[in-house]
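J.: Following this message is one structure expressed as structure tokens.
Where a number appears in this text, it was derived from the coordinates with a stated rule and is not lab data. Every value quoted in this text rests on a predicted model; they were computed, and no experiment measured them. Because the Cβ atoms are built from the backbone with ideal geometry, glycine has one as well, and the counts that use them run over all protein chains shown.
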Amino acid sequence: TPLVQQIMRWDMAVLRESPWYQEIEQIGIQQGARRQLIRVLEQRFGEIPHEVEVRFEGESVEKLESLMDSAIAVNSLDEFVSILFI
């Protein structure tokens, strides 16, 4: 009904402003950036070592984006790993 829809829109507006929602959203963005970085590396170089994937955990979105730029620019997985572990 229109009343329920109105209440739900209001609840979502309040929810989006909450710190919990923002934290969950940030985690989702971070996980998405991590998955995209892994995908680019796999597309370019094949299977990547687990220890490389683990290294991405907990990195900021900005750092993951910077690593994505490096993943696109390097010529080999070894070159990327040397940048990663600096």
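J.: Give, as ranges by residue number, the residues of region 24-38 whose backbone N falls under 16 Å from the point 7 Å along Cα→Cβ of residue 55.
T.: Under 16 Å, as judged by backbone N against the label point of residue 55, lie 34-35, 37-38 of region 24-38.
J.: Is any residue of region 56-86 close enough, with backbone N under 20 Å, to a label point placed 7 angstrom from the Cα of residue 47 along the Cα-Cβ axis, and if so, which?
T.: 56, 76-81
J.: Evaluate the distance, in nm, between pseudo-label points positioned 7 Å from the Cα of residue 20 and of residue 66 along their respective Cα→Cβ axes.
T.: In this crude spin-label approximation the distance works out to 3.3 nm.
J.: Related question: Show me, for region 21-29, the HN-Hα J-couplings you get by feeding each phi into the Karplus relation (A = 6.51, B = -1.76, C = 1.60, θ = phi - 60°), rounded to Hz, glycine and proline as x.
T.: 4, 5, 5, 4, 4, 5, 4, x, 5
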